[in-house]
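This report refers to the structure that appears directly beneath it.
The values are calculated or read from the model by the stated rules, or taken from the named source; none is laboratory data. Because the structure is predicted, anything quoted here is derived from the model rather than measured. Methodologically, a virtual Cβ is constructed for each residue, glycine included, from the backbone with ideal geometry; neighbour enumeration extends over all protein chains shown. Areas reflect the complete protein model, heavy atoms only, side chains present, ligands, DNA and RNA absent. Shrake-Rupley method; radii C 1.70, N 1.55, O 1.52, S 1.80 Å.
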Number of protein chains: 2
Amino acid sequence: MTRRSPRRGRAGRRPGGPDTRGEILAAARVEFSDRAFDGASIRAIAARAGVDPALVHHYFGTKEQLFLAAMDIPFVPSELAAQIVSGPIDTIGERAVRTFLLTWGDPVKRAPILALLRSAMTHDVAAALLRQFAARVMLARVVEGLQIADRELRAEAAVSHLLGIAVMRYVVRIEPIASATDEELVTLVGPVIQRYFEDDGNP
Amino acid sequence: MTRRSPRRGRAGRRPGGPDTRGEILAAARVEFSDRAFDGASIRAIAARAGVDPALVHHYFGTKEQLFLAAMDIPFVPSELAAQIVSGPIDTIGERAVRTFLLTWGDPVKRAPILALLRSAMTHDVAAALLRQFAARVMLARVVEGLQIADRELRAEAAVSHLLGIAVMRYVVRIEPIASATDEELVTLVGPVIQRYFEDDGNP
């Protein structure tokens, strides 16, 4: 499929009115809930909102950015993933735990991720949405920086540990993990997760 | 609070009729949803069902057993925990992963745990129920068998990893972790979880 350059200036089908942004976001929420992440397209979202696709790109940028705006996620997961991967490989476990806890520890950042996770726990399309978004946007960024065997499986094992900690600490709130400090968890969990990023020759 | 011996034979307030078991289970579900695990009592459940507490003990045994029956959980988590802890300490990680995957891999066993987890994700009392049940029944059994510092926190870190794998593998169903074999995961995750059961002198 060929695409027009997003900023070509053909945004004239309907100019951006005061609530055009809101209408695009509403259309995006419907499109993502109906078709998950892979099935949703900027073009279809623009059509739902009755605007030119170029206007959607102009307001929101990429599909990832539109998704984050539609879901009210106030940070960019792929940037966090890039930060985690970009430092020295022998402290990646520690960086992963610290970055993750900083994000989940902030109620404003936690609420929308938790909403996504809750939907995924009960609805198949929401599960697909979370799965595809995680795979395309976050895991892809982590995995492309790794030079080890089984890097997809290892990255997912690491993420699963972080996700489980988030559920135990912030949702089920079981003690002592709920009241442990971030640094206690970085010290305990960091070296454990680090194991996944060390190519030890195991299958 | 003193208690009558459960089998003293004073079960005469109402004899067990054909659906007395069902009424006790229904009363237990209400009591557990209202008061979580710690707040629920056999006595209060018996009162709701209009039977003598001895009859509840007679039919269902302990509060843990009644809880499992009320929630349709077809296995005894404290027995699984005991199995995991009872073998050699240097293979406890592997045993934990294998036992956990066998249980979650069975749709009949997975469904009720997933139902509990879903409720816990959205309702505070359900979160308390899961938290208290996990702490009193499963974690207590694991922790009492460990001779390491910070054993509660370490046991919870291990459980959080297993829980996160269950969510990624069986709920979000992200690849490749969803299609990996149990043994691949035992090989990859077992030695990582093992770290939590080794007292390495870290704080």
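Working out 0.36 nm times the residue gap between residue B:38 and residue B:86, then minus their Cα-Cα distance, what length gain in nm do you get to one decimal?
Going from the current span to full extension adds 14.6 nm.
In terms of the Cα gyration tensor, with a ≥ b ≥ c the square roots of its eigenvalues, is the protein assembly as shown rounded because a/c is under 1.5, prolate because a/b exceeds b/c, or oblate? Can you show the working numbers first?
Numbers: a/c = 2.59, a/b = 1.53, b/c = 1.70.
Since a/c reaches 1.5 but b/c is at least a/b, the shape of the protein assembly as shown is classed as oblate.
Any idea which of A:84, A:61, A:171 is furthest toward the positive side of the dipole for chain A, if Lys and Arg beta-carbons carry +1 and Asp and Glu beta-carbons -1?
Farthest along the dipole direction, towards plus: A:61.
Using just the helices of chain B, give the 222 nm mean residue ellipticity in deg cm²/dmol: DSSP H runs with n ≥ 4 each add -39,500 (n - 2.57), and the total is spread over all residues, rounded to 500. Spell out each step's value before the answer.
Details: 11 runs with 128 residues, N = 203.
Roughly -19500 deg cm²/dmol at 222 nm, from the helical runs in chain B.
Would you mind working out the magnitude of the charge dipole of the protein assembly as shown relative to its Cα centre, with +1 at each Lys and Arg C-beta and -1 at each Asp and Glu C-beta, to the nearest 20 Debye? Can you show the working numbers first?
Values: 52 positive and 48 negative charges, 372 e Å.
Dipole size: approximately 1780 debye.
Sort out for me the Cα centre separation of the range A:41-95 from the range B:37-85, rounded to whole Å.
What the calculation gives is 48 Å, centre to centre.
Give, ordered by residue number, each residue of the range B:112-139 whose 1.4 Å probe accessible area is reduced by a minimum of 40 Å² on adding the remaining protein chains to the chain alone.
Hits at the 40 Å² cut-off: B:118, B:121, B:131.
Name the shape class, rounded, prolate or oblate, that the alpha-carbon gyration tensor gives for the range A:69-203, where a ≥ b ≥ c are the square roots of its eigenvalues, rounded holds for a/c under 1.5, and otherwise prolate holds if a/b is larger than b/c and oblate otherwise. Let's see the in-between values first.
Working: a/c = 1.65, a/b = 1.19, b/c = 1.38.
Oblate, because a/c is 1.5 or more while a/b does not exceed b/c.
So, taking all protein chains as they sit and a 1.4 Å probe, how much accessible area belongs to residue A:123, in Å² rounded to tens?
Accessible area of residue A:123: about 110 Å².
Report, in order of residue number, the helices in chain B meeting two criteria: a C-alpha extent of 20 Å or more along the helix axis, and a mean Kyte-Doolittle hydropathy of at least -0.5; treat each whole DSSP H run as one helix.
Values: long enough: B:20-39 (24 Å, -0.23); B:107-122 (23 Å, 0.61); B:151-166 (22 Å, 0.43).
Once both thresholds are applied, what remains is B:20-39, B:107-122, B:151-166.
With the other protein chains left in place, how much accessible area per residue, in square angstrom, belongs to the range B:90-203 at a 1.4 angstrom probe? List each step's numbers first, then the result.
On the way: 4560 Å² over 114 residues.
Ligands and nucleic acids excluded, the figure is 40 Å² per residue.
Taking both sides together, what accessible area is buried at the A/B interface, probe 1.4 Å, expressed in Å² and rounded to the nearest 100?
Working: alone 11270 and 11260 Å², together 18650 Å².
Summing both sides, the interface buries roughly 3900 Å².
Measure out, as a whole number of angstrom, how far apart the alpha-carbon centroids of the range A:159-182 and the range B:159-203 sit.
15
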